[in-house]
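K.L.:
Before anything else, here's the structure in question.
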Amino acid sequence: MSLPGSRHRRRARLCRAGSITGSADNPPLVEQVRALLSNRGADAPCFTYQGLATTLGLTPPGTIQRSAAALEQTMRENVVAGPPMIAALVVSRADGLPRRGFFDLAVALGRFPADPSRHRAAWQAECATVLGQVEERWA
């Protein structure tokens, strides 16, 4: 159980540490995530959450939480701007799917249907669209 406002305090602490917002010599984490995911190829299209955190050079505590916050921000930006959600390329090593938070946010943003039985198909379509755009850039 978290105390009221504890989520906001945690996020504020992460922002103060420069992990999400960046600094003069380190681009914001959201930009780093977007760059990494934009350069994925068809041979290895997905990252695990832990693999993403490791590639970004994040260290504990809060590596997965910082990665997740950046991924959520990319999702919001993608939905507003129109391209597919590049965060679809980050999956759990347990089942090869994004975690529940991805699906919850995709539904809240109106990108995925509310029916959980349709989430996997929506995610697969989103991945195909993302990978199609990545391949177009390389062509």
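The values are calculated or read from the model by the stated rules, or taken from the named source; none is laboratory data. Since this is a predicted model, take the numbers as computed values, not measurements. We place every Cβ from the backbone using ideal geometry, glycine too, and count neighbours over all the protein chains shown.
K.L.:
For the range 68-113, what are the residues that are buried (at least 16 other Cβ atoms within 10 Å of the Cβ) and of a type in the set (Gly, Ala, Ser)?
P.N.:
Correct list: Ala68, Ala69, Ala70, Ala87, Ala88, Ala106.
K.L.:
Has the range 102-110 got at least one residue that is on the phi < 0 side of the Ramachandran plot, touching a Phe, Trp or Tyr at 6+ places or on another chain (Cβ under 7 Å) and assigned to a helix (DSSP H, G or I)?
P.N.:
Looking through the range 102-110, at least one residue is on the phi < 0 side of the Ramachandran plot, touching a Phe, Trp or Tyr at 6+ places or on another chain (Cβ under 7 Å) and assigned to a helix (DSSP H, G or I).
K.L.:
Sticking with this structure for a sec: Answer with yes or no whether Thr59 is more than 21 Å from Ala125 (Cα to Cα), buried (at least 17 other Cβ atoms within 10 Å of the Cβ) and not charged (D, E, K, R).
P.N.:
Against the criterion (more than 21 Å from Ala125 (Cα to Cα), buried (at least 17 other Cβ atoms within 10 Å of the Cβ) and not charged (D, E, K, R)), Thr59 does not qualify.
K.L.:
If I filter the range 76-90 for residues that are touching a strand residue (DSSP E or B) at 6+ places or on another chain (Cβ under 6 Å) and aliphatic (A, V, I, L, M), do I get at least one hit?
P.N.:
Going residue by residue through the range 76-90, those that are touching a strand residue (DSSP E or B) at 6+ places or on another chain (Cβ under 6 Å) are 90.
Keeping just the survivors that are aliphatic (A, V, I, L, M) gives 90.
Scanning the range 76-90 turns up at least one residue that is touching a strand residue (DSSP E or B) at 6+ places or on another chain (Cβ under 6 Å) and aliphatic (A, V, I, L, M).
K.L.:
Here's something else I'd like to know. If the requirement is being modelled with pLDDT of 95 or more and either crowded, with 20+ Cβ neighbours inside 10 Å or out of contact with any strand residue (DSSP E or B) (no Cβ under 6 Å at 6 or more places or on another chain) (or both), which of these qualifies: Gln65, Gln124, Gln133? Write out each step before concluding.
P.N.:
Working: Gln65 fails: modelled with pLDDT of 95 or more; Gln133 fails: modelled with pLDDT of 95 or more.
Checking each option against the conditions leaves just Gln124.
K.L.:
Look through Thr54, Thr21 and report the one residue that is surrounded by 14 or more Cβ atoms within 10 Å (Cβ to Cβ), at pLDDT below 95 and in a loop (DSSP other than H, G, I, E, B).
P.N.:
Among Thr54, Thr21, only Thr21 is surrounded by 14 or more Cβ atoms within 10 Å (Cβ to Cβ), at pLDDT below 95 and in a loop (DSSP other than H, G, I, E, B).
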